[in-house]
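Shown next, in structure tokens, is the structure this report addresses.
The values are calculated or read from the model by the stated rules, or taken from the named source; none is laboratory data. Treat the numbers as computed from the prediction; the structure is a model and nothing was measured. Every residue, glycine among them, receives a Cβ derived from its backbone with ideal geometry; neighbour counts consider all protein chains shown. Just so you know, the surface numbers come from the protein's heavy atoms only, side chains and all, with ligands and any DNA or RNA stripped out. Shrake-Rupley method; radii C 1.70, N 1.55, O 1.52, S 1.80 Å.
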Amino acid sequence: MTSSLEILRDIGNHRGPSKSLIAFGYAGWAPGQLEGELAHGFWFTTPQDAKLIFDEDRDEVWDNAMKRRTQDL
């Protein structure tokens, strides 16, 4: 994860990391929303696995992540 213009330029010029994923978006929470989501068990963790980020079929990432879920927060 980076916001470095130099690294982003390198990726654009095929001199960056061997694998990369460009994603744009925004996430924000209203007051108390995150606490409510945690209380309802809507957040979880999975073991670290670069394949989940870089190699999985994008249409199957969510299902595969859910199969790997190990700990609710």
inquiry  = Would you confirm whether or not segment 54-63 contains a residue that is basic (Lys, Arg), loosely packed, with under 10 Cβ neighbours inside 10 Å and in a loop (DSSP other than H, G, I, E, B)?
reply    = no
Of those in segment 1-22 that are open to solvent by 60 Å² or more (accessible area, probe 1.4 Å) and charged (D, E, K, R), the residue modelled with the lowest pLDDT is LYS19
Subset of segment 33-53, residues farther than 18 Å from LYS19 by Cβ, exposed (fewer than 13 other Cβ atoms within 10 Å of the Cβ) and within 12 Å of the chain's Cα centre (by Cα), comes to THR45
Per the list (1) open to solvent by 70 Å² or more (accessible area, probe 1.4 Å); (2) assigned to a loop (DSSP other than H, G, I, E, B); (3) without any contact (Cβ under 8 Å) to a residue 24 or more places away in the chain, residue check on ALA30 breaks on (1)
